[in-house]
Amino acid sequence: MTAVESRPAGVLGASTGKRPFGARVKAFVALTKPRIIELLLITTVPVMFLAEQGVPDLWLVLNTCLGGYLSAGGANALNMYIDRDIDALMDRTSQRPLVTGMVSPREGLVFGLTLAVVSTLWFGLLVNWLSAWLSLGALLFYVVVYTMILKRRTSQNIVWGGIAGCMPVLIGWSAVTDSMSWAAVVLFLVIFFWTPPHYWPLSMKVKEDYARVGVPMLPVIASNKVVARQIVLYSWVMVAVSLLLTPLGYTGWFYTSVALATGGWWLWEAHALQNRAKSGETGGKLKEMRLFHWSITYVSLLFVAVAVDPFLR
């Protein structure tokens, strides 16, 4: 796979004087990818309840969530700045602010760097410095390791790049305890093994986009059968890891029940996708987005169980 030639951002947009203030505000918010950050917070807050074994200090929760939003928002803005050339050529990203010209590349870069600095200080001063360094490490990993090094070079990009998305689990635990534990490590690994089978179905749906710009997502360079087999493999490991919290003594019957039920349904969907791929189904008949949408529901339910379990033990 080869990278595409850069295309100047802003070619679809208007001049600076024609950019309405309200639209500009929405554009800067869009740079932070708020829908993605919702998922990050879903994995942060429940871990704080588990770490506290009850209700954590609500100001601490608020400060952790705001710091996490600023940090992830900065990482996402810098990601859009770096990827603005290929974003302009992909259907699903062609309306991003740096492509349309609603935000200039310079503004996007300054915005992302500012959020990175502010979020690190926010965590350090209002939460603790362990959480601050974990947050900064996640940002740098996403921007440098994933976006700049892995994304355009290897089909394993989302596997290792997904480490950045696992960090909110560690941040949530450290925010409460100012330390680490095996519970945080287990939940980190759950998200690590969740990320590829969560994202690969979406990549299967839009693989022509990635192929057009030379990004070697696994579905671009491998058949649907190979991708589905990998999805099943990661899914089994994910479900197995999710069940480790109880024997380690961190959760009880409620979490275990939810993990078994939601994990079982996940495996059903993963194997169903594999069977459709083996049968040569393509297009709408492959139904790859069924697993993608379920993956969001799965992680939400699992982490709600993480938060509720301490109250039922």
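Take segment 76-87 and flag every residue that is open to solvent by 10 Å² or more (accessible area, probe 1.4 Å) and of a type in the set (A, V, I, L, M).
LEU78, ILE82
Is it the case, given these coordinates, that ILE149 is of a type in the set (A, V, I, L, M, F, W, C) and free of Cβ contacts under 8 Å to residues at least 12 places away in the same chain?
Yes, satisfied.
Mind listing whichever residues of segment 244-258 are over 26 Å from the mean Cα position of the chain (by Cα) and without any contact (Cβ under 8 Å) to a residue 24 or more places away in the chain?
Within segment 244-258, PRO247, GLY249 meet the criteria.
TYR199 versus (1) closer than 16 Å to LEU40 by Cα; (2) touching a residue at least 40 places away in the same chain (Cβ under 8 Å); (3) crowded, with 23+ Cβ neighbours inside 10 Å: which is the lone unmet condition?
The number of the failed condition is (3).
Residues of segment 72-107 being among the aliphatic types (A, V, I, L, M) and either out of contact with any Phe, Trp or Tyr (no Cβ under 7 Å at 6 or more places or on another chain) or over 17 Å from ARG35 (Cβ atoms) (or both), which ones?
Residues satisfying the conditions are ALA72, LEU78, MET80, ILE82, ILE86, ALA88, LEU89, MET90, LEU98, VAL99, MET102, VAL103.
Which one of SER242, SER235 is touching a Gly at 6+ places or on another chain (Cβ under 8 Å) and at pLDDT 95 or above?
Going through SER242, SER235 in turn, just one is touching a Gly at 6+ places or on another chain (Cβ under 8 Å) and at pLDDT 95 or above: SER242.
Considering each of ALA272, ALA277, ALA307 in turn, give the residue that is more than 22 Å from LEU39 (Cβ to Cβ), open to solvent by less than 20 Å² (accessible area, probe 1.4 Å) and not in a loop (DSSP other than H, G, I, E, B).
ALA277
Go through segment 186-256 and tell me which helices (runs of 4 or more DSSP H), entirely inside it, have 1 or more residues that are of a type in the set (Val, Ile, Thr) and closer than 18 Å to ASP83 by Cβ.
Those helices (runs of 4 or more DSSP H) span 207-213, 218-221.
Determine the pairs where a residue that is closer than 17 Å to VAL239 by Cβ, located within segment 283-295, has a partner that is open to solvent by less than 60 Å² (accessible area, probe 1.4 Å) and of a type in the set (Asp, Glu) with Cβ atoms under 7 Å apart, the partner being 6 or more residues away or on another chain.
LEU291/GLU269; TRP294/GLU269
The values are calculated or read from the model by the stated rules, or taken from the named source; none is laboratory data. If you're wondering where the values come from, they're calculated on a predicted model, not measured in any experiment. Here Cβ is always computed from backbone atoms with ideal geometry, including for glycine, and neighbour counts include all displayed protein chains. SASA here: full protein model, heavy atoms, side chains in, ligands and nucleic acids out. Shrake-Rupley method; radii C 1.70, N 1.55, O 1.52, S 1.80 Å.
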